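The values are calculated or read from the model by the stated rules, or taken from the named source; none is laboratory data. Quantities reported herein were computed from a predicted structural model and do not represent experimental measurements. Here the Cβ positions follow ideal geometry from the backbone for every residue, glycine too, while neighbour counts run over all protein chains shown. When the accessible area is computed, the model is the full protein with side chains, heavy atoms only, and any ligands, DNA or RNA have been set aside. Shrake-Rupley method; radii C 1.70, N 1.55, O 1.52, S 1.80 Å.
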Amino acid sequence: MKGRVFSGARPTGKQHIGNYLGAIQSYVKLQQDYDCIYCIVDIHALTTLEDTHLLKENTREMMLDWLAAGLDPEKSILFIQSHVPEVMELHTLLSMVTPLGWLLRVATFKEKVKLQPHNVNYGLVGYPVLMTADIVLYKADTIPVGEDQLPHLEMARDIVRRFTYLFGEVFPEPKAKLTTFPMVIGLDGERKMSKSCDNDVELAASPEETTQRIRTAFTDPARQYRNDPGHPEVCNIYSLHHFYNPDRLDEIATQCRGAAIGCVDCKNILAEGVNRDLAPFRERRAEIAQRPGYVDEVFADGARRAHVIAKETIKEVKEKMGLP
Ligand code: TRP
C-alpha cells in the first residue's frame, strides 16, 4: 500500500521562489509515490492574529500557486484546515494526553513568547498539538517539512506514543521527510527568503516586476564600484544562479571575478533566468485564475474527501478513549 503524506502550510498568500524550491516542488513530486493530503492551515494562522482580514484572499492565492505548480486535485486532497472541523475535536482530545511541560519547552513556543509578549494565548501553547491532530486525523505517516519544523514533528511522535500507551493503537508514528533543498536566502542576502522579511521574489509576479525586484537585491558587499572584482561565492545572487542559470555558472563566476560584468548585469541575467523558468507556471496560473468558481470547487471537493477519513478516525478515537 502507498504511504500517506500530509503537509500543512500557513496561508501566507502569494508564494515565492523560496517556497517553490523548498516545499512546493517536493509536494508535487511526492504525488507520484504517495497518497498526498495538502492543507492550508488557517486555524494555525489565528495563533498570531496577524492580517486575519486577508485570510480568505491569501488562502486562494496560495492555492492558485499550488495548482499552477502542479498539485493535482485529481491525485491529491487539497483543502482548508477549518473546513474539516474534526481536527479541532481531535485537538481537544489529544490535549488531554499532552503534558503541559512538554509544550512549554518547545523552542518555537519560547520564540513566539518573545516575539508577541502581548499575545501569549492558549492556542499558541497548543500549536504543536493542533499540528499533531492535523497529521494523525488522516493517519499520515510521511510528513514533508523543512528543518524548522522538526521539533514539532518530534512532539507529534511523542504525543502519538503516549496516546498508544494509554489507549491502544490508532495512529501510525509520523515521520518527517526533510524537503532537502538548501535554504533559499532572500534578496537582503541575510535572512531566509520570506514574505514577512520583504526579501522575496513572488512566483506570480510579472516579468517586469521580477526584474525590478531583483534589482533591489544586495550583492557582494566588497563590490562598491562597477570595476571592483566580485566574489561569487559570497554573493546571494550567484547562489540563485544555481537554480535559474545552472548552465552558465562558470561563465558568470569568471565574469564577476574579472569585473567583466557588474552587479546590474548579473541581476539582469538572473531575472531573465527566473522569468524563463517561471513562464509556463505563470501562464497556467493566469488560466486557472480566470476559471469561474474553480478554486472553490477544489476546496469543496478536498474537504469532502478529507472529511470521510476524519470521521472514521474520530469514531475510533472516541471508542478507544471510552467516551460514552
Ligand atoms: N507548523 C507548520 C509550519 O509553520 C504548518 C503545519 C501545520 C504543518 N500543520 C502541519 C506542517 C502538519 C506539516 C504537517 O510550517
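All told, Leu153 meets the bar of being within 11 Å of the ligand (Cβ to nearest atom) and without any contact (Cβ under 8 Å) to a residue 24 or more places away in the chain. Here Thr12 does not fit the description of being open to solvent by less than 50 Å² (accessible area, probe 1.4 Å), touching a residue at least 40 places away in the same chain (Cβ under 8 Å) and outside any strand (DSSP E or B).
Restricting Lys2, Lys56, Lys75 to residues that are over 23 Å from Leu178 (Cα atoms) and among the charged types (D, E, K, R) narrows the list to Lys56.
Remark: pairs (first residue in the stretch 120-149, in the same structural domain as Lys315 (by TED's automatic domain parsing); second residue acidic (Asp, Glu) and more than 7 Å from the ligand (Cβ to nearest atom); Cβ separation under 8 Å; 6+ apart in sequence or on different chains) = Leu137/Glu86; Asp141/Glu173. Just one of the numbered conditions (1) open to solvent by 10 Å² or more (accessible area, probe 1.4 Å); (2) under 24 Å from Met183 (Cα atoms); (3) within 11 Å of the ligand (Cβ to nearest atom) is not true of Leu130: (2).
The residue that is modelled with the highest pLDDT, counting only those in the stretch 174-211 that are open to solvent by 60 Å² or more (accessible area, probe 1.4 Å) and of a type in the set (Ser, Thr, Tyr), is Ser196. Just one of (1) open to solvent by 50 Å² or more (accessible area, probe 1.4 Å); (2) in contact with a Lys or Arg (Cβ under 8 Å, 6 or more places away or on another chain) fails for Val145. It is (1). Scanning the stretch 15-27 for residues that are open to solvent by 40 Å² or more (accessible area, probe 1.4 Å) and more than 9 Å from the chain's Cα centre (by Cα) returns a single hit, Gln25. Considering only residues that are assigned to a helix (DSSP H, G or I) and near the ligand (Cβ under 10 Å from one of its atoms), look in the stretch 138-150 and name the one that is nearest to Lys320 (Cα to Cα). Within the stretch 138-150, the match that is nearest to Lys320 (Cα to Cα) is Gln149. Filtering the stretch 60-81 to residues that are in contact (Cβ under 8 Å) with a residue 40 or more places away in the chain, open to solvent by 10 Å² or more (accessible area, probe 1.4 Å), of a type in the set (D, E, K, R) and farther than 14 Å from Asp42 by Cβ leaves Asp72, Lys75.
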